[in-house]
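What follows is a short report on a single structure.
The values are calculated or read from the model by the stated rules, or taken from the named source; none is laboratory data. A quick note: this is a predicted structure, and the numbers were derived from the prediction, not measured. So basically every Cβ, Gly included, is an ideal-geometry build from the backbone, and we count neighbours across all protein chains shown.
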Amino acid sequence: MYGVHPAKDSDEAVGNGTTEVIRTYQTWKGSNIFFLGGRVIFGPDVRSVFLSIFLIVAPVAVFCVFVARKLLDEFAHHLGILVMVIAIVFTSYVIILLLMTSGRDPGIIPRNTHPPEPEIMDQSLEIGSSQTPQLRLPRIKEVMVNGMTVKVKYCDTCMLYRPPRCSHCSICDNCVERFDHHCPWVGQCIGRRNYRFFFMFVSSATLLCIYVFAFCWVYVIKIKDSEEISIWAALIKTPASIVLIIYTFICVWFVGGLTVFHLYLISTNQSTYENFRYRYDRTENPYNRGVVENFKEVFWSSIPPSKNKFRAVVQREPETLPRAAGGGGFMNSNVEKTPSDIEMGNRKPTGNNGDEMSGGNNRRSSWGRRSGSWELPSDIASLASGLGDSNRIIGGSSGSLGGQNRQ
Ligand SMILES: [Zn+2]
Ligand SMILES: [Zn+2]
């Protein structure tokens, strides 16, 4: 357990008597990889970023050497130089977008050190083998978003109720706001804080592919015209162009297809995760506010600051036992983590379509609260209320969270 102290950015961790002082990122429980003293955060698969950079830079380098260089004197007013300059500038822009996507906090919700406090003691406990009254937190709570009921699920790993649209990434082992997917190409979750950059990266990469593809053909046609040969004969004279034309043709289907898919997702205000899991075409999407508003939400809304201070100084304290059961009896520490909790690894139905927990045969709902209002943690409430003016938050549980009852 670590107690957060006021952040001191000036110095590195120092020893303080018997208590070791370190920074938050050094005690990070997710599987992220940090660089530059916690200033940049990547997913555990950060190596794939270097592969992605190589797959972008290498063909552009070939293009500059074997195509753009030959086009330097092919245009009037020395405009040929622009072919190469634009290629280099645009590639740099794409790489920066890639790093902005993968090197930032995608919207990680900090883990709780303790499970939330159950609101009231359930009086209707079954007094059987256990004489100790136990409080249970409902596994699922319901919130109203734009007049529609959305289920929020308790995360055992992070010990919090995930806000609407939040999901736990099994690769990074974090709950991420407006989780879209974990992108292996950028080695990072795509979430609320980097989705904009991710889309800009993918769409810019598409344009870069088209640019290289087009100027390879321009070069081939220049050869054809100047030497008065067939287009096939011209192609054979520039094998680099053949390779680049094939490469960009393949890539454009991938990044271009992704761009079109995300344009559809943005226009309907869905995340990739929701699209695959909930199928909003069959159920109504509570987040859809119309095409214009949906685009504004992605591109013109302010990106919230990170909820994590990775460089904050914390004190390593002796491990303390979980809170005693007598104070509330919440059994989270006994809850075993099951594969069904891994959102990405196992597409267990959850959330909006209401099929969560439908197979919970072991569930003993009499141990959970069945009705009545409850209060959401303030961050969930504020997030839900930020989704629309007409939001209301109501309470209700459809399950119980009990140690031994979990599947
Ligand atoms: Zn989580
Ligand atoms: Zn992830």
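Tabulated results
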| read-out | value |
| --- | --- |
| Which numbered condition MET100 fails, given (1) part of a loop (DSSP other than H, G, I, E, B); (2) closer than 20 Å to VAL176 by Cα; (3) not acidic (Asp, Glu) | (1) |
| Selection count, the range 213-229, where residues are under 14 Å from ASP73 (Cβ atoms) and loosely packed, with under 14 Cβ neighbours inside 10 Å | 1 |
| Members of the range 150-160 found to be assigned to a strand (DSSP E or B) and either in contact with a helix residue (DSSP H, G or I) (Cβ under 6 Å, 6 or more places away or on another chain) or without any contact (Cβ under 8 Å) to a residue 24 or more places away in the chain (or both), listed by number | VAL150, LYS151 |
| Close pairs from the range 14-25: first in a strand (DSSP E or B), partner among the small types (Gly, Ala, Ser) and modelled with pLDDT of 75 or more, Cβ under 8 Å, at least 6 apart | ARG23/GLY37; ARG23/GLY38; ARG23/ALA312 |
| Residue within the range 7-30 that is surrounded by 18 or more Cβ atoms within 10 Å (Cβ to Cβ), basic (Lys, Arg) and modelled with pLDDT of 85 or more present | yes |
| In the range 161-175, residue farthest from ligand 1 (Cβ to nearest atom) [restricted to those that are of a type in the set (A, V, I, L, M, F, W, C) and farther than 19 Å from VAL145 by Cα] | ILE171 |
| Exclusive hit being of a type in the set (S, T, N, Q) and either in contact with a Pro (Cβ under 7 Å, 6 or more places away or on another chain) or closer than 18 Å to LEU55 by Cβ (or both), set THR272, THR259, THR238 | THR259 |
| Hits in the range 276-297 - residues which are modelled with pLDDT of 90 or more, closer than 23 Å to THR149 by Cα and not in a loop (DSSP other than H, G, I, E, B) | VAL291, GLU293, ASN294, GLU297 |
| Filter result for THR113 (within 16 Å of ligand 1 (Cβ to nearest atom), within 29 Å of GLU177 (Cα to Cα) and in contact (Cβ under 8 Å) with a residue 60 or more places away in the chain) | yes |
| Residue among GLY43, GLY38 that is at pLDDT below 90 and in contact with a helix residue (DSSP H, G or I) (Cβ under 8 Å, 6 or more places away or on another chain) | GLY38 |
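Conditions tested, residue by residue: (1) more than 9 Å from ligand 2 (Cβ to nearest atom); (2) over 11 Å from the mean Cα position of the chain (by Cα); (3) in contact (Cβ under 8 Å) with a residue 40 or more places away in the chain.
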position: ARG162; (1), (2), (3): yes, yes, yes
position: ILE171; (1), (2), (3): no, no, yes
position: ASP180; (1), (2), (3): yes, no, yes
position: ILE190; (1), (2), (3): no, no, yes
position: TYR195; (1), (2), (3): yes, no, yes
position: PHE199; (1), (2), (3): yes, yes, yes
position: THR206; (1), (2), (3): yes, yes, yes
